[in-house]
1. Could you give each residue of region 183-192 its phi-based ³J(HN,Hα) in whole Hz, using Karplus coefficients 6.51, -1.76, 1.60 with θ = phi - 60°, and x for Gly or Pro?
2. Taking Cα centroids, how far is region 94-140 from region 144-181 in Å?
3. Most fluctuating residue of Ser91, Ser244, Ser252 in a GNM of the chain with Cα springs under 10 Å: which is it?
4. Taking only Cα atoms and a 10 Å spring cutoff, compute GNM fluctuations for the chain and point out the largest among Leu118, Leu69, Leu168.
5. If I take every Cα pair under 8 Å that is 6 or more residues apart in the chain, average their sequence separation and divide by the length, what percent do I get for the relative contact order?
6. Quick query: amide H of Ile190 versus all other amide H atoms, modeled in the peptide plane; which residues come in under 5 Å with a sequence gap of 5 or more or a different chain?
7. Full-extension gain between Lys84 and Glu267, please, as 0.36 nm times their residue separation minus the C-alpha to C-alpha distance.
8. Per Stokes-Einstein, at 37 °C and 0.692 mPa s, what whole-number D in µm² s⁻¹ belongs to region 213-289, with the Kirkwood radius over Cα pairs as the hydrodynamic radius?
Amino acid sequence: MKEILIVSGKGGTGKTSITAALASIAKNSVMADCDVDAADMHLILNPDIKEENEFISGHLAQINQSNCLSCGVCQQNCKFDAIKIRDGNYSVDAVACEGCGVCVWSCPASAIDFNDNLCGHWYISDTRLGPLVHSNLKAAAENSGKLVSKVRDEARKIAKSKESEFILIDGPPGIGCPVIASMTGVSAAIIVTEPTLSGLHDMERVLDLAEHFQIKAYACINKYDINLSVAKKITDILKSRNVSLIGQIPYSSEITQAQIEGKTIIEYSDGAASKAIKEMWQAFIEISN
C-alpha cells in the first residue's frame with residue numbers, strides 16, 4: 001500500500017480537483033481529505049456518511065456564574081484577553097480562549113470549569129470512487145495538525161482492511177503544521193504548482209519540506225499554458241533539483257464545469273486536461289515503481 005500526498009505550496013492550484021481525478025483512475029484506493037481547515041473534496045464526491053465522530057482537542061474555560069465572585073482575578077491573569085464583562089458578569093470568549101488554564105488555577109472561588117473542547121468532527125464515508133475520510137474543523141479551532149493525523153490514521157485502517165493499493169491524500173496548502181502532519185511518512189508527494197511567481201516560490205518551499213523529511217517528490221504544473229515563460233522557469237528549477245516533472249495540464253474551462261456538476265474531469269470529459277491527468281498518473285506509476 002502506498003500513501004500518495006497531493007500537495008501545493010499555495011491555495012488555488014487545483015490539487016483537490018487533481019486528487020479527485022486521480023481517484024477515478026486509481027480504482028483500488030482510499031481517499032483522505034487532509035485539508036482540514038478548508039475541506040472541499042466532498043463537494044465533488046457527494047459522500048454518503050457512514051460514521052461521524054467528534055474531534056476533541058484541548059480545553060475551554062467556562063465561568064460558573066453561580067460561584068463567581070466577580071473579583072476580576074481571572075481577567076487580570078488572562079494574557080489572551082479572553083475574559084470579558086457582559087451584562088455585568090464575567091464570561092469567557094470561546095474564540096479568544098487558548099485553553100491555557102491560568103484562569104482556572106488563579107480563581108479564588110474555583111468558579112471556572114475546564115471542559116474538553118469540541119473542535120469539529122471527522123467522518124468515514126462511501127463515495128462512488130471509494131472510501132473517503134474527511135472532516136469539518138470549527139472556525140478558529142486549534143490543532144488542525146492533530147486532526148490531519150487522525151484522518152490519515154483512519155484512512156490507513158480502512159486501506160488495510162480492504163487491501164487497497166493506494167491512499168490518495170488531498171493535502172493542505174503551505175508548509176505549516178497541517179502540511180507537515182500530511183507529509184511525514186508518506187510514500188511519495190506529488191506537488192501541484194501553477195505558472196505564476198507565487199506558485200514557483202511556494203513550490204520551492206514545499207520541495208524543501210519534502211527534502212527535509214526525505215520524501216520522494218514529483219511535480220505537476222497545472223494550467224501550464226497560461227504563462228509559458230514561468231512554466232519554463234519551473235521546469236528548469238525542477239531539473240536543477242532532480243525532481244521529475246510528471247505532468248503538465250493545460251488550462252481548461254471543462255474542469256470548472258465538471259466541478260459545477262459534481263464530477264471529476266475524468267468523469268466529465270475526455271478532453272486535453274483529462275488526458276494530461278491520465279498520462280501524469282501513468283508516468284507516476286512507471287517512475288515510482
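1. 8, 4, x, 6, 6, 6, 10, 9, 8, 9
2. 19 Å
3. Fluctuation is largest for Ser91.
4. Sorting by GNM fluctuation, first place goes to Leu69.
5. Details: 601 pairs, mean separation 76.7, N = 289.
Across the chain, relative contact order equals 27 percent.
6. Those qualifying (amide H under 5 Å, at least 5 residues apart or on another chain) are Leu5, Ile6, Val7, Tyr218.
7. On the way: separation 183, 0.36 × 183 = 65.88 nm, distance 5.27 nm.
That works out to 60.6 nm of additional length.
8. Details: Rh = 13.6 Å.
Stokes-Einstein gives a translational diffusion coefficient of 242 µm²/s.
Each reported figure results from applying straightforward, stated rules to the coordinates on display, with no laboratory input. Everything quoted here is computed from the prediction, not taken from an experiment. Ideal geometry is used to build each Cβ from the backbone, glycine not excepted, and the neighbour counts take in all protein chains shown.
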